[in-house]
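The values are calculated or read from the model by the stated rules, or taken from the named source; none is laboratory data. Since this is a predicted model, take the numbers as computed values, not measurements. No Cβ is skipped: glycine too gets one built from the backbone with ideal geometry, and neighbour counts run over all protein chains shown.
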Amino acid sequence: MPKQFWLVKSEPDVYSIDALERDGSTPWEGVRNYKARNNLRAMKLGDDVLFYHSNAKPPGVVGMARVWREAYPDPSQFDRKSGYFDGSSDPADPRWSRVDLAFVARLPRMVSLDDIKADPTLADMELLRYGRLSVQSVTRSQFERVRKMGGLK
DNA sequence: GCCAACGTTGGC
DNA sequence: GCCAACGTTGGC
């Protein structure tokens, strides 16, 4: 399987690129949308990930991460005290998964949603077509374009 | 299986 | 705070 490329969204008030840089790596938990979950399950060790701040001013890509551990059951679905608890998930066949992501780099310049919208080569990004999906696939060329716009080689 | 009602996401 | 664009739920 060749390397794949992804984009994950997080509200900076909940978990920011600063937090990921501080932590080094983190479990990416709480995804409760089937399409996003399927993307998590398709991630392979070493895949590259764009880190996007949603509900930010402005929203946009702020850094890069890497898949550090492939999908495994998300414990928060069985934790009654968690906001992500899902009482209808069967412990013998857990419905929700998480991966671990590791910090790679912060972008010297954030690539805002407006920047992405203004760039013709990024017109096909899933971000613009189906904005609500919190774990998206991106192409290699989209990934490299955003990285370059963000000031990295 | 349809679909109305409701809930969530996230840009603005 | 509003609301468009979804996804989910549940009655039938």
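Of all residues in region A:37-82, which are among the basic types (Lys, Arg) and more than 13 Å from the chain's Cα centre (by Cα)?
If the condition is that a residue be among the basic types (Lys, Arg) and more than 13 Å from the chain's Cα centre (by Cα), then A:44, A:57, A:69, A:80, A:81 are the ones that fit.
Of everything in region A:37-55, what is within 16 Å of DNA strand C (Cβ to nearest atom) and surrounded by fewer than 21 Cβ atoms within 10 Å (Cβ to Cβ)? Give them in sequence order.
If the condition is that a residue be within 16 Å of DNA strand C (Cβ to nearest atom) and surrounded by fewer than 21 Cβ atoms within 10 Å (Cβ to Cβ), then A:37, A:38, A:41, A:54, A:55 are the ones that fit.
In the set A:133, A:152, which member is modelled with pLDDT under 95, over 18 Å from the mean Cα position of the chain (by Cα) and of a type outside the set (Asp, Glu)? So that I can check it myself, show each step before the final result.
On the way: A:133 fails: over 18 Å from the mean Cα position of the chain (by Cα).
Answer to the check: A:152.
Could you check region A:1-36 and list, in sequence order, the residues that are of a type in the set (Lys, Arg), within 16 Å of DNA strand C (Cβ to nearest atom) and surrounded by fewer than 19 Cβ atoms within 10 Å (Cβ to Cβ)?
A:32, A:35
For residues that are more than 20 Å from residue A:11 (Cα to Cα) and part of a helix (DSSP H, G or I), tally how many sit in region A:125-146.
Residues flagged as more than 20 Å from residue A:11 (Cα to Cα) and part of a helix (DSSP H, G or I) within region A:125-146 amount to 6.
Name the single residue, out of those in region A:28-70 being of a type in the set (Asp, Glu) and outside any strand (DSSP E or B), that is farthest from DNA strand B (Cβ to nearest atom).
A:47
Can residue A:58 be described as surrounded by fewer than 19 Cβ atoms within 10 Å (Cβ to Cβ) and touching a helix residue (DSSP H, G or I) at 6+ places or on another chain (Cβ under 7 Å)?
Against the criterion (surrounded by fewer than 19 Cβ atoms within 10 Å (Cβ to Cβ) and touching a helix residue (DSSP H, G or I) at 6+ places or on another chain (Cβ under 7 Å)), residue A:58 qualifies.
Taking residue A:97 as meeting all but one of (1) free of Cβ contacts under 8 Å to residues at least 60 places away in the same chain; (2) closer than 21 Å to residue A:4 by Cα, write down the number of the exception.
(1)
Could you please find all residues in region A:1-18 being within 16 Å of DNA strand B (Cβ to nearest atom) and part of a helix (DSSP H, G or I)? Lay out the reasoning, then the answer.
Narrowing region A:1-18 to residues within 16 Å of DNA strand B (Cβ to nearest atom): A:6-17.
Residue satisfying the conditions is A:17 alone.
Are any residues in region A:129-153 surrounded by 15 or more Cβ atoms within 10 Å (Cβ to Cβ) and more than 16 Å from DNA strand C (Cβ to nearest atom), and if so, which ones?
Passing the criteria: A:138, A:142, A:143, A:144, A:145, A:146, A:147, A:149, A:150, A:152.
List every residue pair whose Cβ atoms lie under 9 Å apart, where the two residues are 6 or more positions apart in sequence or sit on different chains, the first residue falls within region A:31-48 and is free of Cβ contacts under 8 Å to residues at least 60 places away in the same chain, and the second residue, located anywhere, is of a type in the set (Lys, Arg).
A:34/A:95; A:44/A:3; A:45/A:66; A:45/A:69; A:46/A:3; A:46/A:66; A:47/A:3; A:47/A:66
Looking at region A:121-128, is at least one residue in contact with a Ser or Thr (Cβ under 8 Å, 6 or more places away or on another chain) and away from DNA strand C (no atom under 16 Å from the Cβ)?
yes
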